[in-house]
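The values are calculated or read from the model by the stated rules, or taken from the named source; none is laboratory data. Only a predicted model underlies this, so the values are computations on that prediction, with no experimental measurement involved. As a convention, Cβ positions derive from the backbone with ideal geometry for all residues, glycine included, and neighbour counts pool all protein chains shown.
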Amino acid sequence: MSENMISTLKPFIQAAWEKAGFVQPTSIQSKAIPFILDGVDVIAESPTGTGKTLAYLLPVLNGIDPVKKTIQAVILASSQELVMQILHEVQTWGENSGIRAATFIGGANVKRQLEKIKKNPHVIIGTPGRTLELIKQRKLKMHEVKTIVLDEGDQLLTQEHRGTVSDIIKSTLKERQVLLFSATLPQQTEVLARELSVNPELIKVEKDETIDAANVEHLYFVAEQRDKIAILEKIARLKVKALVFMKDIGNLTVAFEKLEYKGIKAAILHSELNKDKRKNNLKDFRNGKTNLLLATDVAARGLDIKGITHVVHLDFPKDVKQYVHRSGRTGRFGAEGTVISIVTDREERELKKFGRELDIAVTEKLFYKGEICNKEDRK
């Protein structure tokens, strides 16, 4: 699909495309949009930062009749952050279209959610539990829903959500279209997705050629496990907007407290924080009140934060795939970015192996007088 494909979409989408300044669609968009416009079910896997949301959103918005007062598309997401982010995209891309959208998330005020339903939204975006609850109470009328999207589908088809998602799909029209998008597509997710769809088109994008990865620099610092936080502290004192990945909530809390003790303001994101805290922490990071966001992999799923300059692997990724997905948060759509791994000697060997596998240069650096410098420069 080239840019002239965009010119076949409704004028409001073309106007938004122009306003966004996009030149050409990304690989996942080129591959998925024609199938979705044709009404085909799609199961798609594409790395973080390759434009998955628009790959389903543009054709979905294109198919909505704003004159009708019924729900025509349902987008399910596993976290409230992702739900709010998708809403923002719907509002951006649906500008001047007359399309109304509403969100439904667990833990939110039920009375307020019922008010939203009275406004007759065309698109609803929600977490599975709350969405099904409202369907069962007959508050959400699903009889004219043509499309159901599962965003970050591997998270939605886990043991925990699987039954709920399946019930939501079954509550819609028989001729519905099911679209599943995910950064990773384990075999078992694909099998389940096939059961929920009809003759789906399977699309896999390994690496997006339309996005120039040459703008991303990969570096690393070697440190003992206990000294990693001291390196992070030095990084925090540079001019950065860094997303820092950690394996578990325990380590994350300890790191946060240590940074705070050193006078460094950081925000944290993990699944045990309450909704308001998560929202405020994200807001502080987005608007630059804090320049570090410490997050677990699960909590950061699907998050798209503009202008992340650095991704830091404080805890080493479990495999090369996780390295790629974490690293994809910086240098998006051709912007410059830096990926920093803080590694032990053993992890350094593993990182070099990743570099060879991905065909990228991974360079060791040192801190000297508070600045990052090359190892050979510091004689």
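Selection of the range 118-148 for residues being buried (at least 17 other Cβ atoms within 10 Å of the Cβ) and touching a residue at least 60 places away in the same chain (Cβ under 8 Å) yields Val123, Leu140, Met142, Val145, Lys146, Thr147, Ile148.
Contact annotation: residue pairs with Cβ atoms under 7 Å, 6 or more positions apart or on different chains, pairing a residue in the range 16-39 that is under 12 Å from Glu201 (Cβ atoms) and not assigned by TED's automatic domain parsing to the domain that holds Ala335 with a partner that is hydroxyl-bearing (Ser, Thr, Tyr) and buried (at least 17 other Cβ atoms within 10 Å of the Cβ), are Ala32/Tyr56; Ile36/Tyr56.
For the range 253-271, the condition of being exposed (fewer than 15 other Cβ atoms within 10 Å of the Cβ) and of a type in the set (Phe, Trp, Tyr) holds for at least one residue.
Candidates are the residues of the range 193-212 that are buried (at least 19 other Cβ atoms within 10 Å of the Cβ) and modelled with pLDDT under 90; the one that is farthest from Leu157 (Cα to Cα) is Ile211. Scanning the range 95-109 for residues that are of a type outside the set (S, T, N, Q) and loosely packed, with under 13 Cβ neighbours inside 10 Å gives Gly98, Gly107.
Looking at the range 354-379 only, could you name the residues that are assigned to a helix (DSSP H, G or I), in contact with a strand residue (DSSP E or B) (Cβ under 9 Å, 6 or more places away or on another chain) and acidic (Asp, Glu)? The one that is assigned to a helix (DSSP H, G or I), in contact with a strand residue (DSSP E or B) (Cβ under 9 Å, 6 or more places away or on another chain) and acidic (Asp, Glu): Asp377. Pairs are defined by a Cβ separation below 8 Å, a sequence spacing of at least 6 or placement on different chains, a first member in the range 241-259 that is in the same structural domain as Arg301 (by TED's automatic domain parsing), and a second member that is aromatic (Phe, Trp, Tyr); the pairs so defined are Lys241/Phe285. Residues in the range 1-13 that are at pLDDT 90 or above and assigned to a loop (DSSP other than H, G, I, E, B): Leu9, Lys10.
With respect to Arg278, is the statement that it is basic (Lys, Arg), touching a residue at least 60 places away in the same chain (Cβ under 8 Å), in contact with a strand residue (DSSP E or B) (Cβ under 7 Å, 6 or more places away or on another chain) and under 20 Å from Ser78 (Cα atoms) true? It is true that Arg278 is basic (Lys, Arg), touching a residue at least 60 places away in the same chain (Cβ under 8 Å), in contact with a strand residue (DSSP E or B) (Cβ under 7 Å, 6 or more places away or on another chain) and under 20 Å from Ser78 (Cα atoms). Give the residue that is surrounded by the most Cβ atoms within 10 Å (Cβ to Cβ), with candidates limited to residues of the range 67-77 that are over 12 Å from Val145 (Cα atoms) and more than 11 Å from the chain's Cα centre (by Cα). By that ranking, first place goes to Leu76.
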